[in-house]
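Written below as structure tokens is the structure these notes are about.
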Amino acid sequence: MSERPADGFVRVRLDLGYDGADFSGWAKQRSRRTVQGELESAIATVLRLPDPVELTVAGRTDAGVHARGQVAHVDLPAEVWERESGRLRRRLAGRLPWDVRVWGVAQAPPGFDARFSAVWRRYAYRIGDHPGGVDPLLRGHVLWHDRPVDVDLMNDAAKLMLGEHDFAAYCKKREGATTIRTLLDLAWERTADGLAVATVRADAFCHNMVRALVGAMILVGDGHRPVGFPAEVLAGRERHSAVNVVRPHGLTLEEVGYPADELLAARSREARNIRTLPGCR
């Protein structure tokens, strides 16, 4: 995907949400239902485009993961955008299935790239540890853990993980991709309805990173491992057999952050560079 739209095209930002339960993740697949596939089909249909469209997304979510604040962009012919911009959101609402919604449609500022211009992504992971289980109305968005978890202990462990690190121990490795990330926030709170909720914010995430981090934190929260265990795993840079990648349905992408408009292009160029840790350059 180009850094800027081709001549005669307009870059359009989409703000959207979806329930991931019945999707095989974000990325389009030939024989599986995906969020990208549904959206691209709906856009091409309502705009009566002769050629397929291609969406670029802020963060590719895995199968079963939800989103409330996902961001994507698509490049549309300028004449189509001029004609349809005022009614595109309403028309998509009538065409899309119930489990994906587009909340905002707007022409993106110069330099905007939904993926590379983002400076952070914020996820929430929700755990219920009531001995009776999870509220049936929340079961599709909350993981039930059969032992009580101590959020204070998990917060103590989380503080040791913040900053820029190689998160190889918490990521599913991909050929040619770096696992260096900057973890900006990792904090737990006990909500009024009794859930233990993690807020996890980073400049970017690698595959399975949030779910593996939560898996390590749970081991601290329920007393199976000491507070320093997740940081020890991180320092080892190798997957640990005790750390489970927790189930996807407790995870929701809540928000994506972008810099001021005048910084979008510079951020996009910076984010395309492969990072190394200080001292390894």
Unique match (being small (Gly, Ala, Ser), surrounded by 16 or more Cβ atoms within 10 Å (Cβ to Cβ) and over 23 Å from Trp120 (Cβ atoms)) among Gly221, Gly228, Gly215, Gly250
Gly221
Which one is farthest from the chain's Cα centre (by Cα) among residues in segment 163-193 that are surrounded by fewer than 19 Cβ atoms within 10 Å (Cβ to Cβ) and among the hydroxyl-bearing types (Ser, Thr, Tyr)?
Thr191
Report yes if some residue within segment 124-138 is in a loop (DSSP other than H, G, I, E, B), without any contact (Cβ under 8 Å) to a residue 12 or more places away in the chain, under 19 Å from Asp62 (Cβ atoms) and not hydroxyl-bearing (Ser, Thr, Tyr); otherwise report no.
no
I'm trying to understand the selection: among the residues of segment 10-44, which are touching a residue at least 60 places away in the same chain (Cβ under 8 Å) and touching a helix residue (DSSP H, G or I) at 6+ places or on another chain (Cβ under 6 Å)?
Val10, Tyr18, Phe23
Residue in segment 147-162 that is within 19 Å of the chain's Cα centre (by Cα) and in a strand (DSSP E or B) present:
no
Does at least one position in segment 18-34 carry a residue that is under 16 Å from Ser85 (Cα atoms), of a type in the set (Val, Ile, Thr) and not assigned by TED's automatic domain parsing to the domain that holds Asn208?
no
What single numbered condition from (1) modelled with pLDDT under 95; (2) closer than 19 Å to Phe116 by Cα; (3) among the aliphatic types (A, V, I, L, M) fails to hold for Leu49?
(2)
Any hit, segment 251-270, residues being farther than 30 Å from Arg4 by Cα and not acidic (Asp, Glu)
yes
Do any residues in segment 60-89 that are under 16 Å from Leu39 (Cβ atoms) have Cβ atoms under 7 Å from those of residues that are among the basic types (Lys, Arg) and not in a helix (DSSP H, G or I), where the two are at least six apart or on different chains, and which pairs are they?
Val71/Arg13; His73/Arg11; His73/Arg13; Asp75/Arg11
With criteria (1) surrounded by fewer than 17 Cβ atoms within 10 Å (Cβ to Cβ); (2) part of a loop (DSSP other than H, G, I, E, B); (3) of a type outside the set (Val, Ile, Thr); (4) modelled with pLDDT of 95 or more, Ala118 comes up short on (1)
Conditions: (1) closer than 22 Å to Glu254 by Cα; (2) crowded, with 19+ Cβ neighbours inside 10 Å. Ala42 meets all but one. Number of the miss?
(1)
Looking only at segment 177-221, count how many residues are in contact (Cβ under 8 Å) with a residue 60 or more places away in the chain and in contact with a Pro (Cβ under 7 Å, 6 or more places away or on another chain).
3
Which one of these is touching a Phe, Trp or Tyr at 6+ places or on another chain (Cβ under 7 Å) and among the small types (Gly, Ala, Ser): Ala231, Ala192, Ala202, Ala187?
Ala202
In the set Ala106, Ala114, Ala158, the lone residue that is within 30 Å of Arg267 (Cβ to Cβ) and touching a Ser or Thr at 6+ places or on another chain (Cβ under 6 Å) is Ala114
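The values are calculated or read from the model by the stated rules, or taken from the named source; none is laboratory data. Quantities reported herein were computed from a predicted structural model and do not represent experimental measurements. Note: ideal-geometry Cβ built from the backbone for every residue, glycine included; neighbour counts use all protein chains shown.
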